[in-house]
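Written below as structure tokens is the structure these notes are about.
The values are calculated or read from the model by the stated rules, or taken from the named source; none is laboratory data. These numbers were taken from a predicted model, which means no experiment stands behind them. FYI the Cβ positions are ideal-geometry reconstructions off the backbone, even for glycines, and counts take in every protein chain you see.
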């Protein structure tokens with residue numbers, strides 16, 4: 001690879017040692033980007049072979065005409081006939097959604113925003129008050145601590 005700096009140490013100049021091209025699973029092999037090392041780390045790697053990307057309408061029309069010419073010789077009526085199963089499922093799904101009335105999940109629950117509750121924004125900005133009244137369950141989820149009533153019972 002032609003790099004100016006080493007990918008392992010940015011202060012070091014690249015010496016073309018080839019370490020960055022070595023396979024993580026077998027250091028004697030050169031990496032061929034198979035993705036098996038990523039799958040071991042929990043990433044699901046699947047690939048779809050794409051012949052090319054059609055950037056404009058002219059290219060799309062040319063491609064469809066080319067497919068039509070090939071399909072006529074193979075007795076296929078339309079280029080989208082290859083995907084008939086997708087078309088049928090889409091129609092069935094759209095008919096099902098027409099039958100069912102749209103239902104928004106947020107209509108069923110009560111949501112209050114931080115800015116809508118008087119004084120809450122100031123508490124969140126003041127770290128001392130925040131620590132007294134809340135506890136962070138996990139990063140991003142702050143839960144208000146339960147208060148004890150005069151009777152000694154807990155009130156939420």
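Here residue 79 meets each of (1) modelled with pLDDT under 65; (2) touching a helix residue (DSSP H, G or I) at 6+ places or on another chain (Cβ under 7 Å); (3) within 30 Å of residue 34 (Cα to Cα) with one exception, condition (3).
Every residue, every condition in (1) part of a loop (DSSP other than H, G, I, E, B); (2) under 30 Å from residue 142 (Cα atoms); (3) in contact with a helix residue (DSSP H, G or I) (Cβ under 7 Å, 6 or more places away or on another chain); (4) modelled with pLDDT under 80, yes or no:
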position	(1), (2), (3), (4)
60	no, no, no, no
67	no, no, yes, no
71	no, no, yes, yes
83	no, no, no, yes
92	no, no, no, yes
96	no, no, no, yes
103	yes, yes, no, yes
111	yes, yes, no, yes
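Taking residues in the range 100-117 that are surrounded by fewer than 10 Cβ atoms within 10 Å (Cβ to Cβ), and partners anywhere that are modelled with pLDDT of 75 or more, the pairs with Cβ atoms closer than 6 Å and at least 6 places apart or on different chains are 114/120; 114/121. Here residue 25 fulfils each of the conditions (1) surrounded by 11 or more Cβ atoms within 10 Å (Cβ to Cβ); (2) at pLDDT 80 or above; (3) out of contact with any helix residue (DSSP H, G or I) (no Cβ under 9 Å at 6 or more places or on another chain) apart from (3).
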